[in-house]
Amino acid sequence: MTRAPSSLLLNRLAQLLGPKGYTTDADIMAPWLTDWRGKYTGRAAAMLSPASTEEVAAVVRLCAADQVALVPQGGNSSMVGGATPDTTGEQLLLSLRRMNRVRAVDTAAQIAVAEAGVILETFHHEALAHGLRFPLTLGGKGSATIGGLVSTNAGGTQVLRHGTMRALVAGIEAVLPDGSIFGSLAPLKKDNRGYDLRHLLCGAEGTLGIVTAASLHLVPAATARRTAWIAVDSPDTALLLLRRLDANIGRELEGFEIIPHACLAAVLRHIPQTRAPIAAAHPWYVLAELAGEDEAWLGAALERELTAALEAELIRDVVIAKNDRESEDFWRLRDSISEAERAEGPALQHDVSVPVDLMPTFIAENPARLEQAFPGVRALSFGHLGDGNVHHHVQPPVGADGTAWLAAHGAAVSRLVYAHVIELGGSLSAEHGIGQMKRDVMAELDSPARLAALRRIKAGLDPAGVLNPGKLIG
Ligand SMILES: Cc1cc2nc3c(=O)[nH]c(=O)nc-3n(C[C@H](O)[C@H](O)[C@H](O)COP(=O)(O)OP(=O)(O)OC[C@H]3O[C@@H](n4cnc5c(N)ncnc54)[C@H](O)[C@@H]3O)c2cc1C
């Protein structure tokens, strides 16, 4: 059990961190107390913003001694309320945003060391300035931080080729729940000293340690990319196309996203300066991207495969971006879906994965199951088909009071979605994590053996439960 901070503790923290690192000002804290989706609003006794690993360690030691809860936060772009404190006002928000230095870039080893608060987009620019690329990107890149990305084992739109954050992390520096510093930034290819703490911290959602910096793998900056916006009839044909590109193009295939027409229409309605790449409406689109060194080869390979797919009637239409600007425009359509969906009104979001081959089954069958149980609901799936991961949003029936409808039926709708995912051998969180949004449903539906092991790991490392209580497993 954690406790409210005493005024003695708050004074010590204020002294330790100085005016730049400590605030109780309600206006300054307000934007950080509500999550990106606007589903959760919490309260905090203070917001702490340490500027160094040593300051983070000192904060954790003081709070651990007093059993005061800390909620780590990076860019606050969590999709599951992972970085929002509870409503007691007893927890302390621990912002890592002031730790925003890229400490080193080793171009020969293709490794960079970035502090937790470095924003993903800034890190992309830094890598590019060294002729390199950090191959992970996502719609929240303007706010998501390295610490948050590590702690959620984030995915995004290049996982197909480069893997999730865990595959890109070569080393981690973190403060553990007792305030000790775990310094393991050396990018060792081999390290077999038993349990890998780095892997435990990836995806731990701030419940096992505060990530203060990470060594990250970079790749050569792609000198060329080719992006195509493709119209298809169904997720089944999209999957056939994926298999074809995989077999005939292989490694250069970096992104493969599926988008239903309803999502494109929402983007065109709500996001300024967007336009449909293909004028005619089709039920589904695929956004595919190749990246590599040889522009001519990439262009020829993409054209060859898509022409063959058109002739075989596997795809209905296609536009290949003429230049980087057009590629960016295509990606903007994809990356704006979450924002457009938010503007459409209340909905239930599910970020789920199933084996790639079963994804078309899930996308086709789940809306039918939902419709049978909740007549009138509308379900939309979009996202990372190549990773077997879609974002499955369920909107209330037209004409219903959305908020009231979701309050009455939301939990049952989600259980139906997750039960289907589990039946297909999938996961109820593909890339966004568990946070507070999925904590109870995971406790209810996940395997008892896995849950028990997770709880023992948490209790062993953080017996007082000071790090991000109420999230993931706590
Ligand atoms: C428009 C949009 C699109 C998105 N698309 C994707 C996507 O495609 N794929 C994907 O995976 N995610 C996506 N996300 C979700 C989000 O961007 C990621 O979860 C991201 O990793 C969160 O980073 P953050 O810095 O904002 O973390 P926060 O939201 O601040 O925190 C997230 C979690 O990590 C913990 N945490 C944060 N920093 C630290 C730290 N230094 N040490 C320990 N714990 C910490 C928090 O306590 C919380 O549990 C999207 C978000 C938005 C808004």
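With θ set to phi - 60° and the Karplus curve 6.51 cos²θ - 1.76 cosθ + 1.60, what are the ³J(HN,Hα) couplings of the range 108-116 in order, to the nearest whole Hz, using x for Gly and Pro?
Along the range 108-116, the couplings run 5, 7, 6, 9, 10, 10, 10, 6, 4 Hz.
So between Glu311 and Ala443, what do we pick up on full extension, going 0.36 nm a residue minus the alpha carbon distance?
42.6 nm is the gain from fully extending Glu311 to Ala443.
Using a 1.4 Å probe, what is the accessible area per residue for the chain, in Å²?
So the chain comes to 42 Å² accessible per residue, rounded to a whole number.
Would you calculate the separation in nanometres between label points at Leu16 and Tyr195, each defined as 7 Å from the Cα along the Cα-to-beta-carbon direction?
Label at Leu16, label at Tyr195, 2.5 nm between them.
Positive end of the charge dipole of the chain (Lys, Arg +1 and Asp, Glu -1 on Cβ, about the Cα centre): tell me which of Gly139, Ala340, Leu197 has its Cα farthest that way.
Leu197
Modelling each spin label as a point 7 Å along the Cα-to-Cβ direction, I'd like the Asp25/Gln67 distance in nm, to one decimal.
Distance between label points: 3.4 nm.
Cβ under 13 Å from Ala154's Cβ, Ala154 left aside: what net charge do those residues give with Lys, Arg +1 and Asp, Glu -1?
-2
When only C-alpha pairs under 8 Å and at least 6 residues apart count, what is the relative contact order of the chain, in percent?
Computed value for the chain: 16 percent relative contact order.
Would you work out which of Ala412, Pro463, Ala379 lies farthest towards the positive end of the dipole of the range 367-474, given +1 charges on the beta-carbon of Lys and Arg and -1 on that of Asp and Glu, about the Cα centre?
About the Cα centre, the residue reaching furthest to the positive side is Pro463.
Quote to one decimal, in nm, the extra length available between Glu303 and Ala364 on full extension: 0.36 nm per residue of separation minus the C-alpha distance between them.
Full extension of this stretch gives 19.0 nm more.
Between His261 and Arg166, how many nm apart are label points set 7 Å from Cα along the C-beta direction?
3.9
Loop only by DSSP, 13 or fewer other Cβ within 10 Å of the Cβ. Give me the trypsin sites (Lys or Arg not before Pro) in the range 252-353 that pass, ordered by residue number.
Here the trypsin sites (Lys or Arg not before Pro) that fit, given the DSSP loop and packing criteria, are Arg275, Lys322.
Could you tell me which of rounded, prolate or oblate describes the range 200-347, using a ≥ b ≥ c as the square roots of the eigenvalues of the alpha-carbon gyration tensor, with rounded for a/c under 1.5 and, failing that, prolate when a/b is larger than b/c and oblate otherwise?
oblate
Let me make sure I get this right: for the range 129-208, a, b and c are the square roots of the gyration tensor eigenvalues over alpha carbons, sorted descending. Under 1.5 in a/c it's rounded, otherwise prolate if a/b > b/c, else oblate. Which is it?
Prolate is the answer for the range 129-208, as a/c is 1.5 or above and a/b outweighs b/c.
Can you give the relative contact order of the range 236-340 as a percent, counting alpha carbon pairs under 8 Å and 6+ residues apart?
After rounding, I find 36 percent.
Using amide H atoms built in the peptide plane, which far-off residues or other-chain residues are under 5 Å from Arg43 H to H?
Amide H neighbours of Arg43: Asp86, Thr87, Thr88, Gly89.
Which shape class, rounded, prolate or oblate, goes with the range 338-380 when its Cα gyration tensor gives a ≥ b ≥ c as root eigenvalues, a/c under 1.5 marks rounded, and past that a/b bigger than b/c marks prolate?
oblate
Provide the FRET efficiency to the nearest 0.05 for the Leu451-Ala280 pair, computing r from the beta carbons and using R0 = 45 Å.
Computed FRET efficiency for Leu451 and Ala280 comes out at 0.40.
Which residue, Asn100, Ala288, Ser234, has the largest displacement toward the positive end of the dipole of the chain when charges sit on each Cβ (Lys, Arg +1; Asp, Glu -1)?
Checked the options; the winner is Asn100.
Taking the chain as the reference, fit the longest principal axis to its C-alpha atoms, fit the long axis of helix 402-423 to the helix C-alpha atoms, and give the angle between the two in degrees, 0 to 90, nearest 10.
For helix 402-423, the angle is close to 80 degrees.
Enumerate the amide H contacts of Ala69 below 5 Å, restricted to partners 5 or more residues apart or on another chain; note that Pro and chain-start residues carry no placed amide H.
For Ala69, whose amide H was placed from the backbone, the distant partners under 5 Å are Arg3, Leu92.
Using unit Cβ charges (K, R positive; D, E negative) and no other charged atoms, how large, in debye to the nearest 20, is the dipole of the chain about its Cα centre?
About 1080 debye.
For the chain, count all C-alpha to C-alpha pairs, find those more than 42 Å apart, and express that count as a whole percent of the total.
For the chain, the share of Cα pairs beyond 42 Å comes to 17 percent.
What percentage of the solvent-accessible surface of the chain, computed with a 1.4 Å probe over protein heavy atoms, is contributed by carbon and sulfur atoms?
53
Search the structure for amide H atoms under 5 Å from the amide H of Ala213, placed 1.01 Å from N in the peptide plane, and list their residues when 5 or more places away or on another chain.
For Ala213, the qualifying residues are Ala116, Glu173.
Only sites in a loop by DSSP and with at most 16 other Cβ atoms within 10 Å count here; which GluC sites (Glu not before Pro) in the range 220-294 make the cut?
Answer by residue number: Glu293.
Go through the range 437-451 residue by residue and turn each phi into a ³J(HN,Hα) via Karplus (6.51, -1.76, 1.60, θ = phi - 60°); whole Hz please, and just put x for glycine and proline.
5, 10, 4, 6, 5, 5, 4, 7, 9, 7, 5, x, 5, 5, 4
Please give the contour-minus-distance gain from Ala221 to Ile422: 0.36 nm per residue of separation, less the Cα-Cα distance, rounded to one decimal in nm.
Extra length available between Ala221 and Ile422 comes to 68.5 nm.
How large is ³J(HN,Hα) for each residue in the range 198-212, as worked out from phi by the Karplus curve 6.51 cos²θ - 1.76 cosθ + 1.60 (θ = phi - 60°), to whole Hz, x for Gly and Pro?
4, 5, 5, 6, 5, x, 7, 6, x, 9, 10, x, 9, 6, 10
The values are calculated or read from the model by the stated rules, or taken from the named source; none is laboratory data. Computed from a prediction, not measured in an experiment: that's the story for all the values here. All Cβ positions, even for glycine, are placed from backbone atoms using ideal geometry, and neighbour counts span all protein chains on display. Heavy atoms of the whole protein, side chains included, go into the accessibility calculation; ligands, DNA and RNA do not. Shrake-Rupley method; radii C 1.70, N 1.55, O 1.52, S 1.80 Å.
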